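Undergrad: Pasting in a structure now, in structure tokens, and then I'll have a few things to ask.
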Amino acid sequence: MTTLLEVEDLRVAYGKIEAVKGISFKVEAGQVVTLIGTNGAGKTTTLRTLSGLLKPVGGQIRFNGKSLKKVPAHQIVSLGLAHSPEGRHIFPRMTIEDNLRLGAFLRKDRSAIEKDIQRAYDLFPILGERRKQAAGTLSGGEQQMLAMGRALMSQPKLLMLDEPSMGLSPIMMQKIMATIAALKSQGTTILLVEQNAQAALSLADQGHVMEVGSIVLSGTGRDLLHDESVRKAYLGED
Ligand SMILES: Nc1ncnc2c1ncn2[C@@H]1O[C@H](COP(=O)(O)OP(=O)(O)OP(=O)(O)O)[C@@H](O)[C@H]1O
Ligand SMILES: [Mg+2]
């Protein structure tokens, strides 16, 4: 197995408050790895640090064998790390197609870009049907699909998804999860942050449970799904 991402003793702080307190984990190429945990555990902070938006106060991040310490945020995408952020952040006045094109802003291979736009429409047919419509007219779940599609347009080696199922109906959520499974089977490596532990662990090769800035439990998705403490704390069982 090739290790694509290696996080070692990562520490991130907002002023004096340490939000991530020395976490370590790996993502192997081709895997889906999930971070689950309660509100405020540090999941989003971790993803924002990996994509260069926050500077760590300690620890190491290696992506594809290279330290990200001195790499500015705008270059991290070009190394193959894409981030679909919490709360979507699409551009509401631009068309769906233009939002997708923005995801490919670093690429020059025009015909391959057109193919990937088509691929996004294959994954999410609704985006194709509405391609010329302002993105702000999409429903919440459809905007989530667009955010994922846009992240894929950079042809990432690693796709980071922050709560892709947030605010979605059960059917939409199933659709998003099925899409993640399809991307995995096409060979995309995914780091998935989810509140929906059941769905995330069912998909994941590897999972980590975060609590107040630390990883408190790690295992295969299946092991964590059957772990008693996880079932009690995250799957609503007593
Ligand atoms: N910009 C900020 N300034 C100060 N503190 C922050 C900031 N952003 C996050 N925090 C704090 O850092 C901690 C971790 O937040 P983070 O957003 O990473 O959690 P999370 O695991 O993604 O939670 P959720 O599941 O609710 O999205 C929280 O205590 C939060 O209040
Ligand atoms: Mg979050």
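The values are calculated or read from the model by the stated rules, or taken from the named source; none is laboratory data. Given the structure is predicted, the values throughout are model-derived calculations rather than measurements. Neighbour counts run over all protein chains shown; Cβ positions are idealised from the backbone, glycine included.
Undergrad: What number of residues within the range 219-238 are within 30 Å of G58 (Cβ to Cβ) and crowded, with 16+ Cβ neighbours inside 10 Å?
TA: Residues of the range 219-238 within 30 Å of G58 (Cβ to Cβ): 219-221, 223-224, 227, 229-230, 233-234.
Add one more test, that the residue is crowded, with 16+ Cβ neighbours inside 10 Å, and what stays is 219, 221, 224, 227, 230, 233-234.
Adding up the residues that qualify gives 7.
Undergrad: Select, from Q198, Q174, the only residue that is surrounded by fewer than 21 Cβ atoms within 10 Å (Cβ to Cβ) and within 22 Å of G149 (Cα to Cα). If you could, list the steps in order and put the result at the bottom.
TA: Values: Q198 fails: within 22 Å of G149 (Cα to Cα).
Residue meeting the stated conditions: Q174.
Undergrad: Among the residues of the range 54-94, which ones are outside any strand (DSSP E or B), among the small types (G, A, S) and in contact with a helix residue (DSSP H, G or I) (Cβ under 6 Å, 6 or more places away or on another chain)? Let's see the steps before the verdict.
TA: Taking the range 54-94 as the starting set, the residues that turn out to be outside any strand (DSSP E or B) are 54-57, 64-65, 68-80, 85-94.
Remaining after also requiring among the small types (G, A, S): 65, 73, 78, 80, 87.
Passing the criteria: none in range.
Undergrad: Exactly one of these conditions fails for V32: (1) away from ligand 1 (no atom under 16 Å from the Cβ); (2) modelled with pLDDT under 95; (3) aliphatic (A, V, I, L, M). Give me its number.
TA: Among (1) away from ligand 1 (no atom under 16 Å from the Cβ); (2) modelled with pLDDT under 95; (3) aliphatic (A, V, I, L, M), the lone unmet condition for V32 is (2).
Undergrad: What are the residue pairs meeting all of these: first residue in the range 39-53, first residue on the phi < 0 side of the Ramachandran plot and part of a helix (DSSP H, G or I), second residue within 6 Å of ligand 1 (Cβ to nearest atom) and among the hydroxyl-bearing types (S, T, Y), Cβ atoms under 9 Å, and 6 or more apart or on different chains?
TA: The qualifying pairs are T45/Y14.
Undergrad: Now a separate question. Among the residues of the range 165-179, are any at pLDDT 90 or above and of a type in the set (S, T, N, Q)?
TA: Within the range 165-179, not a single residue is at pLDDT 90 or above and of a type in the set (S, T, N, Q).
Undergrad: Pick from V12, V20: which is in a strand (DSSP E or B) and either within 19 Å of G207 (Cβ to Cβ) or of a type in the set (S, T, N, Q) (or both)? If you could, list the steps in order and put the result at the bottom.
TA: On the way: V12 fails: either within 19 Å of G207 (Cβ to Cβ) or of a type in the set (S, T, N, Q) (or both).
Result of the check over V12, V20: V20.
Undergrad: If I ask for residues that are of a type outside the set (S, T, N, Q), within 16 Å of ligand 1 (Cβ to nearest atom) and in contact with a Lys or Arg (Cβ under 7 Å, 6 or more places away or on another chain), which ones from the range 173-214 would you list?
TA: V193, M210, G213
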